[in-house]
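S.K.: Pasting a structure below so you can have a look.
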Amino acid sequence: MSYAVQVLPEATEETAAIYAYYEEASQGLGERFLQALNDCYQHLALYPVGQKRKGDFRHAQLDTFPIRVVYEVRDELVLVYQVRHTKRRPSQRFGP
């Protein structure tokens, strides 16, 4: 069974900012980031409860980028709340 993945507006904004950061650093790096993020979303759709849980939220780490996806599983839906660059804002935390 595959879950639907819904990316909330804040996570979409964070994704755009991270993409711009990587593209500025090296042309094409932003595209590789988006591909890695999409791969993560596909994995979450298939295995949503397979990631580390902290309170109500789960955290998935991208393999090739220092990016953490913060999400929640509700029924057959994966809600993505945050896409964090863990090296740029390490002091910020998500959740209660």
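Nothing in this text is a laboratory measurement; each read-out follows from the coordinates by a stated rule. Bear in mind the structure is a predicted one, so any value in this text is a computation, not a measurement. Positions of Cβ are backbone-derived with ideal geometry, glycine not excepted, and every protein chain shown enters the neighbour counts.
S.K.: First select every other residue whose beta carbon is under 12 angstrom from the beta carbon of R32; then total the charges, Lys and Arg +1, Asp and Glu -1.
M.R.: -4
S.K.: First check a/c for the stretch 4-85, with a ≥ b ≥ c the square roots of the eigenvalues of its C-alpha gyration tensor; if it is under 1.5, answer rounded, and if not, answer prolate when a/b is larger than b/c or oblate otherwise.
M.R.: It comes out prolate by the Cα gyration axes.
S.K.: Once you list every other residue whose beta carbon is under 11 Å from the beta carbon of L62, what net charge do they have if Lys and Arg are +1 and Asp and Glu are -1?
M.R.: +1
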